[in-house]
1. Within segment 66-92, take every residue that is under 27 Å from Thr34 (Cα atoms) and in contact (Cβ under 8 Å) with a residue 60 or more places away in the chain and give me the one that is nearest to the chain's Cα centre (by Cα).
2. Looking at Ala114, Ala83, Ala95, Ala118, which is the one that is crowded, with 20+ Cβ neighbours inside 10 Å and either touching a helix residue (DSSP H, G or I) at 6+ places or on another chain (Cβ under 8 Å) or part of a helix (DSSP H, G or I) (or both)?
3. Kindly indicate whether any position in segment 50-58 is of a type in the set (Ser, Thr, Tyr), within 27 Å of Ala4 (Cα to Cα) and out of contact with any Ser or Thr (no Cβ under 8 Å at 6 or more places or on another chain).
4. Could you tell me whether Thr60 is assigned to a loop (DSSP other than H, G, I, E, B) and of a type in the set (S, T, N, Q)?
5. Quick check on Val17: is it surrounded by 14 or more Cβ atoms within 10 Å (Cβ to Cβ), under 18 Å from Leu7 (Cβ atoms) and out of contact with any Ser or Thr (no Cβ under 6 Å at 6 or more places or on another chain)?
6. Would you be able to tell me the number of residues in segment 98-107 that are in contact with a helix residue (DSSP H, G or I) (Cβ under 7 Å, 6 or more places away or on another chain) and assigned to a helix (DSSP H, G or I)?
7. Quick one: which residue in Ala56, Ala40 is over 20 Å from Ile116 (Cα atoms) and in contact with a strand residue (DSSP E or B) (Cβ under 7 Å, 6 or more places away or on another chain)?
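Please treat every number below as a calculation from the coordinates, not as lab data. Quantities reported herein were computed from a predicted structural model and do not represent experimental measurements. Don't worry about glycine lacking a Cβ; one is built from the backbone with ideal geometry, like all the others, and counts go over all protein chains shown.
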Amino acid sequence: MRPAAVLAWIAGLMFGVPCAYAIWYLAEQGHVWTLMGFPAYGEGPFEDLGIDTTVALLATFLLVCAAELVVGWMLWQRRRAGAVLAIALLPLELAFWLGFALPLGPVAGLARTAMIAAAWPGSRGTAPTGGGSRRET
């Protein structure tokens, strides 16, 4: 579960930190921030559907990114609830990643899901008891 946790932290930070700045920028400047020549969180499929980038939309995505960091912590602790939350969060993440045209998001999310699926039998809600060793996942 630990590699999945690291991937969750990377995704949460990779998208969350720029999103926090993008919220401030949009609120202050009135238009979408441009990062390395690309509109950050704008001009993607959301806009094609008539969903303009707004502070509320970005704030919701920032909450999703924060949830991703919590998922990472729970996966690091090898909590089954972290695996369940990661799977439950994936459709919402996919909607934002696809809607904002963030191509690395689905790759990270699907890789994290595959890691969780591979480690699922070893995930537990509590720490193991007794003198036996626990296999690292």
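1. To start, the set of residues in segment 66-92 that are under 27 Å from Thr34 (Cα atoms) comprises 66-69, 90-92.
Adding the requirement that they be in contact (Cβ under 8 Å) with a residue 60 or more places away in the chain leaves 68-69.
Details: Glu68: 4, Leu69: 7 Å.
Step by step, filter segment 66-92, then rank; the result is Glu68.
2. Numbers: Ala114 fails: crowded, with 20+ Cβ neighbours inside 10 Å; Ala95 fails: crowded, with 20+ Cβ neighbours inside 10 Å; Ala118 fails: crowded, with 20+ Cβ neighbours inside 10 Å.
Matching residue, one of Ala114, Ala83, Ala95, Ala118: Ala83.
3. No: zero hits.
4. no
5. Values: surrounded by 14 or more Cβ atoms within 10 Å (Cβ to Cβ): no; under 18 Å from Leu7 (Cβ atoms): yes; out of contact with any Ser or Thr (no Cβ under 6 Å at 6 or more places or on another chain): yes.
Taking the combined requirement at face value, the residue does not satisfy it.
6. If we filter segment 98-107 for residues that are in contact with a helix residue (DSSP H, G or I) (Cβ under 7 Å, 6 or more places away or on another chain), which is where we start, we get 98-102, 105-106.
If we keep only those that are assigned to a helix (DSSP H, G or I) too, we end up with 98-99, 105-106.
Looking only at that region, the number is 4.
7. Details: Ala56 fails: in contact with a strand residue (DSSP E or B) (Cβ under 7 Å, 6 or more places away or on another chain).
Every option except Ala40 fails the conditions.
The rows are residues; the columns are (1) in contact (Cβ under 8 Å) with a residue 12 or more places away in the chain; (2) over 30 Å from Ala119 (Cα atoms); (3) hydroxyl-bearing (Ser, Thr, Tyr).
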{"residue": "Ala5", "(1), (2), (3)": "yes, no, no"}
{"residue": "Trp9", "(1), (2), (3)": "yes, no, no"}
{"residue": "Gly12", "(1), (2), (3)": "yes, no, no"}
{"residue": "Phe15", "(1), (2), (3)": "yes, no, no"}
{"residue": "Tyr21", "(1), (2), (3)": "yes, yes, yes"}
{"residue": "Trp33", "(1), (2), (3)": "yes, yes, no"}
{"residue": "Asp48", "(1), (2), (3)": "no, yes, no"}
